1. Please state which one of B:23, B:100, B:65 is facing chain A (nearest Cβ under 10 Å), among the aliphatic types (A, V, I, L, M) and more than 22 Å from residue A:6 (Cα to Cα).
2. With in contact with a helix residue (DSSP H, G or I) (Cβ under 6 Å, 6 or more places away or on another chain) and more than 11 Å from chain B (Cβ to nearest Cβ) as the only criterion, which of A:75, A:109 stands out?
3. Identify, from the list B:40, B:5, B:52, B:61, the residue that is over 29 Å from residue A:57 (Cβ atoms), assigned to a strand (DSSP E or B) and among the basic types (Lys, Arg).
4. Does residue A:35 meet the test of being buried (at least 16 other Cβ atoms within 10 Å of the Cβ), in contact (Cβ under 8 Å) with a residue 40 or more places away in the chain and either among the acidic types (Asp, Glu) or within 13 Å of chain B (Cβ to nearest Cβ) (or both)?
5. Can we say residue A:100 is more than 12 Å from the chain's Cα centre (by Cα) and either closer than 16 Å to residue B:103 by Cα or away from chain B (no Cβ under 12 Å) (or both)?
6. Among the residues of the stretch A:50-76, what is the count of those that are in contact with a Ser or Thr (Cβ under 6 Å, 6 or more places away or on another chain) and not small (Gly, Ala, Ser)?
7. Kindly indicate whether residue B:34 is among the aliphatic types (A, V, I, L, M) and more than 10 Å from every other protein chain (Cβ to nearest Cβ).
8. If residue A:58 passes every condition in (1) without any contact (Cβ under 8 Å) to a residue 60 or more places away in the chain; (2) among the small types (Gly, Ala, Ser); (3) away from every other protein chain (no Cβ under 13 Å) but one, which one does it miss?
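Only the coordinates and a few stated rules stand behind these numbers; no lab work does. Note that the coordinates shown come from a computational prediction; the quantities given were computed from them, not determined experimentally. A quick note on method: Cβ atoms are made from the backbone with ideal geometry, for glycine too, and the neighbour counts reach across all protein chains shown.
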Amino acid sequence: QSLLTQPPSVSAAPGQRVTISCSGRNSNIGNRDVSWYQHLPGTDPKILIYLNSNRPSGIPDRFSASKSGASATLVISGLQTGDEGDYYCGTWDESLTAFVFGSGTTVHVL
Amino acid sequence: QVQLRQSGPGLVKPSQTLSLTCAISGDSVSGDRAGWNWIRQSPSRGLEWLGRTYYGSKWYREYAASVKSRIRINADTSKNQFSLHLDSVIPEDTAVYYCARGWARDGFHDWGQGTRVTVSS
């Protein structure tokens, strides 16, 4: 049972937009920066977002994220079939003194 | 550019110790620019952070509560690498194991190629 709650799955047609929420608490998201990871089938995980809303070089601006209070949100715009896979939020938890990943969300492109 | 190269067995028997190594190029395991982490991925648990080591006037190690009694992460400065040892493995430890570079605040920007480990007799 992850401390960071994400919806199990989201779906949309190509070109549409999906939103993935990540709900935590003050001991993690509320006081710490959030990163987001993409894990596509047959590939290694890749960081999409760091420090709540920053994209590493090479990550298209179709991927955006924000944080408010103890929750964070990842938005994928202009959805593509190649975006199908699992997405995870993550942050440090001060109570556990450990990094925690969210429960993960599978993106389905209809 | 930082590269992480993992090595270690893909099959471990129950009750034995899982040991993996992550060789670093492009950075120093004893530098202050990053922490050195182990993460695993399984269909049942998703991504799970296992622990990290980093150097800051001394070596620090922090572990996830779920494996704290069984895990050791060590750095070898002479070989510029770090290792994972997970004792008393059970079938539920079957997963793809990754080493990763980064701080929790900034996220994990560099990942090893992953090692699929199966715990089975």
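1. On inspection, the qualifying residue turns out to be B:100.
2. Exactly one residue qualifies, and that residue is A:109.
3. B:61
4. yes
5. yes
6. 4
7. Yes: the conditions hold for residue B:34.
8. In the conditions (1) without any contact (Cβ under 8 Å) to a residue 60 or more places away in the chain; (2) among the small types (Gly, Ala, Ser); (3) away from every other protein chain (no Cβ under 13 Å), residue A:58 misses (3) alone.
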